[in-house]
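Peer 1: Attaching a single structure in C-alpha cells format; questions to follow.
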Amino acid sequence: MAQPEPFHERLEVLPLYRERFCIAFPTGHRLEQQNRVSISDVADETYLRRINCEYRDYLADRLQEHGLAVRAGFQSEREDWIQMMVAAGLGVCFLPEFSPTIPGVRTQPVSEPEVAREVSLVSMAGRRFSPAVLAFTRAIRAYDWSPAPSGWGQAGKLA
C-alpha cells in the first residue's frame, strides 16, 4: 500500500521501496525531450484521471497550490485503459514510475515539486495470518527491495 498521509497506528507497516510520480505521455510528445517536467507542464494538457490513484487528491492539491487547473478528458478505474489512452495521444496522466506497462507510454519524473510515494507491506497489527498469507509476507520480507543498478528497472528487470 501507499498513501500520502500516515497509516493508522493499529496497522503494522513495513516500508519496501520509494518511487517517484511521473507525468505519462505518448511517444513523440513534447515532454519527451525534457529530463524532468514541472507539475505546471500538465496545465496545458488534457488530463486522464486514474480514479483509484491513492494520490489523486494529493496531486490535485499540488496543482491547485500552483494556481493550475487541468482539463479532465476522461477518467477510469482501469489503469490499463488510462495507459492505452495515453499511448493513443488522448492525454497525459500522473503515474508512479514503476507503473507504465503499455507500449508507447513514456514518462518523465515530476519536479517542482517532486512527488514520491513509499510502498509498504501493511497488515493489522497482531493478526494471525493464514499459511498462504504467511508465505507471501515472508517472501516480501526476504526480497531485496534496495534500488536496482542504473539502467535496470525495479526487481532487476532491464529497463
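Peer 1: Does region 41-49 contain at least one residue that is modelled with pLDDT of 90 or more and more than 17 Å from residue 110 (Cβ to Cβ)?
Peer 2: yes
Peer 1: Let me ask something additional. Filter region 86-101 down to the residues that are at pLDDT 90 or above and open to solvent by less than 40 Å² (accessible area, probe 1.4 Å) and list them by number.
Peer 2: 86, 87, 91, 92, 93, 94, 95, 96
Peer 1: Sticking with this structure for a sec: Taking the options 112, 118, name whichever one is open to solvent by 40 Å² or more (accessible area, probe 1.4 Å) and under 30 Å from residue 138 (Cα atoms).
Peer 2: 118
Peer 1: Name every residue in region 1-14 that is open to solvent by 70 Å² or more (accessible area, probe 1.4 Å) and in a strand (DSSP E or B), in order of residue number.
Peer 2: Selection gives 12 alone.
Peer 1: Continuing with this model, one more query. State the number of residues belonging to region 19-66 that are of a type in the set (Asp, Glu), outside any helix (DSSP H, G or I) and either open to solvent by less than 30 Å² (accessible area, probe 1.4 Å) or in contact (Cβ under 8 Å) with a residue 12 or more places away in the chain (or both).
Peer 2: Residues flagged as of a type in the set (Asp, Glu), outside any helix (DSSP H, G or I) and either open to solvent by less than 30 Å² (accessible area, probe 1.4 Å) or in contact (Cβ under 8 Å) with a residue 12 or more places away in the chain (or both) within region 19-66 amount to 3.
Peer 1: Please work out if residue 69 is under 15 Å from the mean Cα position of the chain (by Cα), open to solvent by 30 Å² or more (accessible area, probe 1.4 Å) and of a type in the set (Gly, Ala, Ser).
Peer 2: No: the conditions fail for residue 69.
Peer 1: Residue by residue through region 83-100, note down the ones that are within 12 Å of the chain's Cα centre (by Cα) and assigned to a loop (DSSP other than H, G, I, E, B).
Peer 2: 97, 98, 99, 100, listed by residue number.
The values are calculated or read from the model by the stated rules, or taken from the named source; none is laboratory data. None of the values given here were measured: they were computed from a predicted structure. Glycine also receives a Cβ, built like all others from the backbone with ideal geometry; neighbour counts cover every protein chain displayed. Quick note on the areas: whole protein, heavy atoms, side chains included, nothing else; ligands and nucleic acids left out. Shrake-Rupley method; radii C 1.70, N 1.55, O 1.52, S 1.80 Å.
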